[in-house]
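Visitor: Structure incoming, see below.
The values are calculated or read from the model by the stated rules, or taken from the named source; none is laboratory data. Bear in mind the structure is a predicted one, so any value in this text is a computation, not a measurement. Counting neighbours? That spans all protein chains shown, and the Cβs are built from the backbone with ideal geometry, glycine included.
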Amino acid sequence: MGDILHWSQTKSEDFLGREEMKTKNPWHRPWIICISVFFVAGIIAMVVVAVVQNKPLHQKYKYGIVLDAGSSHTSLYIYQWPAEKENNTGMVQQKLACNVKGKGISSYSPEPKKAGESLKECMDKARDTIPNHRHHETPVYLGATAGMRLLKMENDTASEKVLESVEQFLQTYPFSYQGARIITGQEEGAFGWITVNYLNDYLRKASGTLGALDLGGASTQITFVSGQNLESPDNSIDFRLYGNDYQLYTHSFLCYGKDQVLKLSLANEIQSTNQQLTDNITLQDPCFHKGYKATKTFEDVFNSPCVRGLRLTQNKFVHVGLGDGEACHAAVRKVFNDSRCTHSTCSFNGVFQPPVEGKFGAFSAFYFVMNFLNLTSYPLDVAKEQLARYCATPWNTIIQNHPNVKEKYLSEYCFSGTYILTLLEDGYNFTSKNWKDIEFIKQIGDSDAGWTLGYMLNLTNMIPAEVPDTPPLPYGGYVTLMVLLSLMILVLGLLACKVFRRPTGSTQKEII
Ligand SMILES: O=c1[nH]cnc2c1ncn2[C@@H]1O[C@H](COP(=O)(O)OP(=O)(O)O)[C@@H](O)[C@H]1O
Ligand SMILES: [Ca+2]
């Protein structure tokens, strides 16, 4: 019996010991296991949901198309930006640039139908580049510049017909057509300024901005932030972008693009030859290389509203180069009229301009010409010397040295370079001191400098007046914080379990 009793006592002690162990070890309780599993699963789920929900959406882009219908040619640009980051600055990038073959749309005024068709190749490329499911929401804008401004001045109906032609053609594509119009010189200047400052990410930092110098074939624009009183309202534009106010000075000189100035300059020289303007007069031109000789018609020179004077028909003249840089500078200077300035300071032709301020980006033909002449990084005096040497190089040598450059461009670089230096120094009043503030640029990042990006950003409201609300933490920081906090909760939970278990056990014992 005693044994049995002893046995049963031992058994019951053993049983009580195991019961005590069960009480001490919470993992033996199914409900604690359940809670713990749910707790851990909940934390993992929370982290996973946070990561997945906030994961940057790769490859999901939106697109916009802008056609720059310039006086000499049309270019199509496709821009892209991450679909979920429309209002963040610096997000829009150029995806594709396509140069339309042939001349600018204004040259199609005798057969306007062809203006639209000329855009086919680049528009097809745009259709192939942009994913199909984005086509219907991709805006297409066409902006025409000085070539069309001149055509409108000459023949309003002809310019309307050309615009109708491109309008009808663009509407045959599956994109969201937003209009084709002639933009003003002010818009051209201001949107060029927005482009270069957006691409440099200067708009959110109130630290400084980049002035914009744009040289086209038929007009040129200068735009910069000026601290001076802007005496002429036509030259003043106010912007509020990302919470910063900007007062811009801008001016567009119609007829002062490099192709129109060449006509102006030739017309001046022709008229000052004092020869009877009949067939086969010879024009000796210091801005063309020695040995250059070409037969041109007077109409080539006088067929523009920029060139006042004789409207001569098919009569021809022989254009002969002299290759004299200094004489070329003197000839080019004559296209600027400095006599009448009714403001405190002027650039030229009586146009108000405060003194240039800050750094400038010079693009389009400023870049093409200065880059070809290899003059982008020299002081003004050195650039002048080098240009004079280039102008004095015989035409034969020039052709031999550049067999792959279009002869029309090649023959005009001496003139264009001289015009650029004269425009910047004598026109806009840059000096050898602030010459280094001009940077000749083609692109910023992968995007071309020009008015088109600024135009699209403005029309799609992608640059807000006020700073947009952004999450206080960057994505990486947010995820890290979530993980750390979750781990902390997990550890605290486990600790709490342990701490909670011990005192409860001893209290129970004390009560018993
Ligand atoms: O590679 C090049 N070398 C020299 N000039 C160029 C080159 N590419 C374009 N250009 C010139 O740049 C200018 C572009 O002007 P655009 O056609 O934009 O006229 P716009 O802005 O006055 O309407 C034209 O004078 C054109 O000849
Ligand atoms: Ca242009």
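Visitor: Go through segment 203-225 and give me each residue that's modelled with pLDDT of 95 or more, of a type in the set (Ser, Thr, Tyr) and farther than 30 Å from Leu264 by Cα.
Guide: Kept after step one, since they are modelled with pLDDT of 95 or more, are these residues of segment 203-225: 209-225.
With of a type in the set (Ser, Thr, Tyr) added as a condition, the list becomes 209, 219-220, 223.
Result: Thr209, single match.
Visitor: Residues being more than 16 Å from ligand 1 (Cβ to nearest atom), touching a residue at least 24 places away in the same chain (Cβ under 8 Å), surrounded by fewer than 20 Cβ atoms within 10 Å (Cβ to Cβ) and part of a strand (DSSP E or B): count how many of those fall in segment 242-263. Full working, then the answer.
Guide: The first filter runs over segment 242-263 and keeps only residues more than 16 Å from ligand 1 (Cβ to nearest atom), leaving 242-249.
Narrowing further to those that are touching a residue at least 24 places away in the same chain (Cβ under 8 Å): 242-244, 246, 248-249.
Now drop any that are not surrounded by fewer than 20 Cβ atoms within 10 Å (Cβ to Cβ), which leaves 242-244, 246.
Among the residues that remain, those that are also part of a strand (DSSP E or B) are: 244, 246.
Going through segment 242-263 one residue at a time, the tally reaches 2.
Visitor: Looking at Lys120, Lys103, Lys60, Lys125, which is the one that is touching a His at 6+ places or on another chain (Cβ under 7 Å), farther than 18 Å from Gly454 by Cβ and basic (Lys, Arg)?
Guide: Lys103
Visitor: Something else about it: How about segment 182-208: which of its residues are under 11 Å from Gly361 (Cβ atoms) and away from ligand 1 (no atom under 16 Å from the Cβ)? Full working, then the answer.
Guide: Quick first cut of segment 182-208, residues under 11 Å from Gly361 (Cβ atoms) only: 192-193, 195-197, 199-200, 202.
Answer for segment 182-208, where residues must be under 11 Å from Gly361 (Cβ atoms) and away from ligand 1 (no atom under 16 Å from the Cβ): Asn197, Leu199, Asn200, Tyr202.
Visitor: Residue check: is Phe372 of a type in the set (Phe, Trp, Tyr) and within 16 Å of ligand 1 (Cβ to nearest atom)?
Guide: Details: of a type in the set (Phe, Trp, Tyr): yes; within 16 Å of ligand 1 (Cβ to nearest atom): yes.
Answer is yes for this residue.
Condition check ((1) within 16 Å of ligand 1 (Cβ to nearest atom); (2) over 30 Å from Asn458 (Cα atoms); (3) in contact with a helix residue (DSSP H, G or I) (Cβ under 6 Å, 6 or more places away or on another chain)) across all residues:
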{"residue": "Leu210", "(1), (2), (3)": "no, no, yes"}
{"residue": "Leu266", "(1), (2), (3)": "yes, yes, yes"}
{"residue": "Gln271", "(1), (2), (3)": "no, yes, no"}
{"residue": "Asp285", "(1), (2), (3)": "no, yes, no"}
{"residue": "Lys293", "(1), (2), (3)": "no, yes, no"}
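Visitor: Looking at segment 95-117, which of its residues are within 16 Å of ligand 2 (Cβ to nearest atom), closer than 17 Å to Asp128 by Cβ and not hydrophobic (A, V, I, L, M, F, W, C)?
Guide: Once the filter is applied, which keeps residues that are within 16 Å of ligand 2 (Cβ to nearest atom), closer than 17 Å to Asp128 by Cβ and not hydrophobic (A, V, I, L, M, F, W, C), segment 95-117 yields only Asn99.
Visitor: Here's another thing I want to ask about it. What number goes with the only condition from (1) within 30 Å of Leu241 (Cα to Cα); (2) of a type in the set (A, V, I, L, M, F, W, C); (3) crowded, with 16+ Cβ neighbours inside 10 Å that Leu423 does not pass?
Guide: (1)
Visitor: Please tell me if Ser347 is among the hydroxyl-bearing types (Ser, Thr, Tyr) and farther than 27 Å from Asn401 by Cβ. Walk me through it before giving the result.
Guide: Working: among the hydroxyl-bearing types (Ser, Thr, Tyr): yes; farther than 27 Å from Asn401 by Cβ: yes.
For Ser347, the condition - among the hydroxyl-bearing types (Ser, Thr, Tyr) and farther than 27 Å from Asn401 by Cβ - is met.
Visitor: Next question. Exactly one condition in (1) part of a helix (DSSP H, G or I); (2) surrounded by fewer than 19 Cβ atoms within 10 Å (Cβ to Cβ) is false for Lys433; which is it?
Guide: The number of the failed condition is (1).
Visitor: Is segment 387-397 home to any residue that is within 16 Å of ligand 1 (Cβ to nearest atom) and either among the basic types (Lys, Arg) or modelled with pLDDT under 95 (or both)?
Guide: Looking for residues that are within 16 Å of ligand 1 (Cβ to nearest atom) and either among the basic types (Lys, Arg) or modelled with pLDDT under 95 (or both), one finds none in segment 387-397, hence no.
Visitor: Also, I was wondering about something else. Filter segment 65-81 down to residues that are over 28 Å from Gly257 (Cα atoms) and either touching a residue at least 24 places away in the same chain (Cβ under 8 Å) or near ligand 2 (Cβ under 9 Å from one of its atoms) (or both), then give me how many there are. Break it down stepwise before answering.
Guide: Keep residues of segment 65-81 that are over 28 Å from Gly257 (Cα atoms), which gives 80-81.
With the extra rule that they be either touching a residue at least 24 places away in the same chain (Cβ under 8 Å) or near ligand 2 (Cβ under 9 Å from one of its atoms) (or both), the set shrinks to 81.
Result for segment 65-81: 1.
Visitor: Restricting to segment 143-159, and then to whatever is within 15 Å of Ser75 (Cβ to Cβ) and touching a helix residue (DSSP H, G or I) at 6+ places or on another chain (Cβ under 7 Å), can you tell me which residue is surrounded by the fewest Cβ atoms within 10 Å (Cβ to Cβ)?
Guide: At the first step, the residues of segment 143-159 found to be within 15 Å of Ser75 (Cβ to Cβ) are 143-148.
Next, from what is left, pick out any that are touching a helix residue (DSSP H, G or I) at 6+ places or on another chain (Cβ under 7 Å): 143-145, 147-148.
Values: Gly143: 24, Ala144: 26, Thr145: 30, Gly147: 31, Met148: 26.
Filtering segment 143-159 for residues that are within 15 Å of Ser75 (Cβ to Cβ) and touching a helix residue (DSSP H, G or I) at 6+ places or on another chain (Cβ under 7 Å), the one surrounded by the fewest Cβ atoms within 10 Å (Cβ to Cβ) comes out as Gly143.
Visitor: Just the residues that are more than 20 Å from the chain's Cα centre (by Cα) and away from ligand 2 (no atom under 16 Å from the Cβ), please, taken from segment 208-237.
Guide: Residues of segment 208-237 that are more than 20 Å from the chain's Cα centre (by Cα), as a first pass: 218, 226-236.
Correct list: Ser226, Gly227, Gln228, Asn229, Leu230, Glu231, Ser232, Pro233, Asp234, Asn235, Ser236.
Visitor: (1) away from ligand 2 (no atom under 16 Å from the Cβ); (2) aliphatic (A, V, I, L, M); (3) closer than 21 Å to Ala190 by Cα; (4) buried (at least 21 other Cβ atoms within 10 Å of the Cβ): which one isn't true of Met91, the others all being true?
Guide: Result: Met91 passes all but (4).
Visitor: Another one. Collect the residues in segment 329-344 that are in contact with a Phe, Trp or Tyr (Cβ under 7 Å, 6 or more places away or on another chain) and either over 22 Å from Tyr249 (Cβ atoms) or at pLDDT 95 or above (or both), keeping them in residue-number order. Talk me through it step by step, then tell me what you get.
Guide: At the first step, the residues of segment 329-344 found to be in contact with a Phe, Trp or Tyr (Cβ under 7 Å, 6 or more places away or on another chain) are 332, 336-338, 343.
Within segment 329-344, Val332, Phe336, His343 qualify.
Visitor: Would you tally the residues in segment 459-494 being part of a loop (DSSP other than H, G, I, E, B) and farther than 28 Å from Gln178 by Cα? Lay out the reasoning, then the answer.
Guide: Step one: of segment 459-494, the residues part of a loop (DSSP other than H, G, I, E, B) are 460-474.
After this cut, where a residue has to be farther than 28 Å from Gln178 by Cα as well, the list is 469-474.
Adding up the residues that qualify gives 6.
Visitor: What's the number of the condition Ser416 fails, among (1) within 22 Å of Tyr246 (Cβ to Cβ); (2) in a helix (DSSP H, G or I); (3) among the small types (Gly, Ala, Ser)?
Guide: Among (1) within 22 Å of Tyr246 (Cβ to Cβ); (2) in a helix (DSSP H, G or I); (3) among the small types (Gly, Ala, Ser), Ser416 violates only (1).
Visitor: Report yes if some residue within segment 190-198 is within 16 Å of ligand 2 (Cβ to nearest atom), of a type in the set (S, T, N, Q) and in contact with a Phe, Trp or Tyr (Cβ under 8 Å, 6 or more places away or on another chain); otherwise report no.
Guide: If we filter segment 190-198 for residues that are within 16 Å of ligand 2 (Cβ to nearest atom), which is where we start, we get 190-196.
This time we only want the ones that are of a type in the set (S, T, N, Q), so: 195.
Filter once more, so that each one left must be in contact with a Phe, Trp or Tyr (Cβ under 8 Å, 6 or more places away or on another chain): 195.
Yes, because at least one residue in segment 190-198 is within 16 Å of ligand 2 (Cβ to nearest atom), of a type in the set (S, T, N, Q) and in contact with a Phe, Trp or Tyr (Cβ under 8 Å, 6 or more places away or on another chain).
Visitor: Also: Determine whether Gly445 is on the phi > 0 side of the Ramachandran plot and either of a type in the set (Gly, Ala, Ser) or within 16 Å of ligand 1 (Cβ to nearest atom) (or both). Working first, answer last.
Guide: On the way: on the phi > 0 side of the Ramachandran plot: yes; either of a type in the set (Gly, Ala, Ser) or within 16 Å of ligand 1 (Cβ to nearest atom) (or both): yes.
It is true that Gly445 is on the phi > 0 side of the Ramachandran plot and either of a type in the set (Gly, Ala, Ser) or within 16 Å of ligand 1 (Cβ to nearest atom) (or both).
Visitor: Quick check on segment 265-272. Is at least one of its residues at pLDDT below 95, of a type outside the set (A, V, I, L, M), more than 16 Å from ligand 2 (Cβ to nearest atom) and part of a strand (DSSP E or B)?
Guide: no
Visitor: Something else about it: Could you grab the pairs with beta carbons closer than 8 Å, sequence gap of 6+ or different chains, first residue in segment 293-305 and more than 18 Å from Val261 (Cβ to Cβ), second one surrounded by 15 or more Cβ atoms within 10 Å (Cβ to Cβ) and of a type in the set (D, E, K, R)?
Guide: Within 8 Å, the pairs are Thr295/Lys316; Thr297/Lys316.
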